[in-house]
Amino acid sequence: MSDITRGEIVRVGVDLAKHVLQVHAVDAQGRVVVNKALQREKFLPWCAQLPPGCLIAMEACGGSHHWARRLKSMGLDARIIAAHFVAPYRMQGKSGKNDANDAAAVCEAASRPSMRFVPVKSVDQQGMMMVHRLREGYKEERTGCISRIRGLLAEFGLVFPQSPEALRRALPDAMEDANSGLPTVARLALQQAQAHWRELEERIAWCDERIAAHVRSSEEAKAAMHLCGVGPIGASALIACVGDLAQFRSGAQFGAWLGLVPTQCSSGGKTNLGGITKRGDDYLRTLLIQGAKCALRSAHKRHDRISQWMVQLMMRTGWQKAAVALANKNARILWAVLTRGAKFDPNHVSVMPQRCAGLG
């Protein structure tokens with residue numbers, strides 16, 4: 001006999017794992033109906049017994065978007081919650097973390113009217129993000145390979161400038177120089193390392209081609225690239241990671257979602273601001289900040305309003321704060337451009353809404 005009575009369960013919290021999934025289901029009064037672990041292959045058949053539109057919540061983690069898409073296709077209301085929003089609802093605190101308590105915390109967090117959920121990514125979005133993740137991994141491997149080559153050469157007293165291009169030019173001569181002091185086996189080892197370096201460059205180039213093709217096929221990505229500080233990689237990551245920016249109420253909310261707003265420790269009417277929250281997607285936030293730093297380097301050569309603002313801000317606050325501020329500003333502009341279908345204008349002047357103009 002089934003342990004589910006149709007219409008009884010209204011909300012389910014799920015703690016995801018590779019092989020065992022913990023479910024915590026409650027009724028309309030918040031009473032626990034089901035609290036048990038399910039094998040991976042039994043999870044979807046169990047969910048098929050739930051009433052249509054039943055809310056199923058889970059933490060954002062590897063596989064959460066896959067499960068959310070499957071559950072939505074079954075007519076269920078699948079939601080994803082960021083882990084840092086779930087932790088405060090664990091009644092047992094940090095010392096009581098286990099699968100059952102986590103599932104209960106997810107279920108409780110999903111019941112909050114003000115809870116913010118993670119948008120479910122499509123298959124195409126996740127496919128494009130795979131290219132970006134691979135590219136970042138290849139970049140790390142390339143850096144490690146270059147450092148390894150430098151370390152091996154230093155063992156024989158061969159030291160070259162820090163630039164990868166300088167090492168690339170000097171490496172063939174060092175391996176062929178009979179007076180360099182390198183034994184035959186060391187030269188063969190360096191040839192292998194050089195081939196690995198070349199292979200990583202080819203794989204990064206392949207990722208760049210896929211990203212460029214994605215930008216060419218997306219009108220939104222093309223529009224995003226008009227901003228100073230947003231290149232093809234950043235534009236592609238924005239579309240693949242966020243998708244529809246209309247899910248945010250304002251550009252300020254989008255900037256906060258990216259973690260580009262300051263932390264607060266305010267009390268008694270006194271405002272104390274700290275560093276940025278660093279919430280949201282680390283990769284997209286990093287791309288926006290890196291792009292902002294590139295824009296700051298050449299801001300003095302341009303004469304539009306935003307560039308002039310950059311120069312003045314950098315003189316007042318310094319390089320790092322100006323870069324983060326520009327990244328936040330670009331996030332707000334991206335929201336406005338992509339949600340309103342407007343064309344980016346670096347000389348745009350914001351107009352105060354009429355209803356706010358008379359407020360003192």
- Any chance segment 175-193 includes a residue that's buried (at least 16 other Cβ atoms within 10 Å of the Cβ), among the aliphatic types (A, V, I, L, M) and outside any helix (DSSP H, G or I)? yes
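Just to be sure before I move on: is residue 1 modelled with pLDDT under 95 and of a type in the set (A, V, I, L, M, F, W, C) in the structure I sent? Before the answer, list the steps.
On the way: modelled with pLDDT under 95: yes; of a type in the set (A, V, I, L, M, F, W, C): yes.
Yes; evaluated as a whole, the condition is true for this residue.
Against the definition (among the β-branched types (Val, Ile, Thr) and under 28 Å from residue 22 (Cα atoms)), how does residue 118 come out, yes or no? Walk me through how you get there before you give the answer.
On the way: among the β-branched types (Val, Ile, Thr): yes; under 28 Å from residue 22 (Cα atoms): yes.
The answer is yes for residue 118.
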- From the list 104, 78, 17, pick out the single residue that is over 30 Å from residue 240 (Cβ atoms) and either outside the structural domain of residue 246 (by TED's automatic domain parsing) or touching a helix residue (DSSP H, G or I) at 6+ places or on another chain (Cβ under 6 Å) (or both). 104
- Over segment 267-284, the set of residues hydroxyl-bearing (Ser, Thr, Tyr) and assigned to a loop (DSSP other than H, G, I, E, B) is 271, 277
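Checking the conditions here, which among 52, 45 is part of a loop (DSSP other than H, G, I, E, B) and over 23 Å from residue 280 (Cα atoms)?
Numbers: 45 fails: part of a loop (DSSP other than H, G, I, E, B).
Unique residue meeting the criteria: 52.
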- Item | residue 234 vs. criteria of a type outside the set (Lys, Arg) and modelled with pLDDT of 95 or more | yes
- Of the residues in segment 125-147, how many are aliphatic (A, V, I, L, M) and over 22 Å from residue 221 (Cβ atoms)? 1
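Looking only at helices (runs of 4 or more DSSP H) that lie completely in segment 60-169, which have at least 3 residues being small (Gly, Ala, Ser) and within 28 Å of the chain's Cα centre (by Cα)?
Passing ranges, in order: 64-73, 99-110, 123-154.
The values are calculated or read from the model by the stated rules, or taken from the named source; none is laboratory data. Because the structure is a prediction, the values reported are computed rather than measured. In this analysis, Cβ positions are derived from the backbone assuming ideal geometry, glycine residues included, and neighbour counts consider all displayed protein chains.
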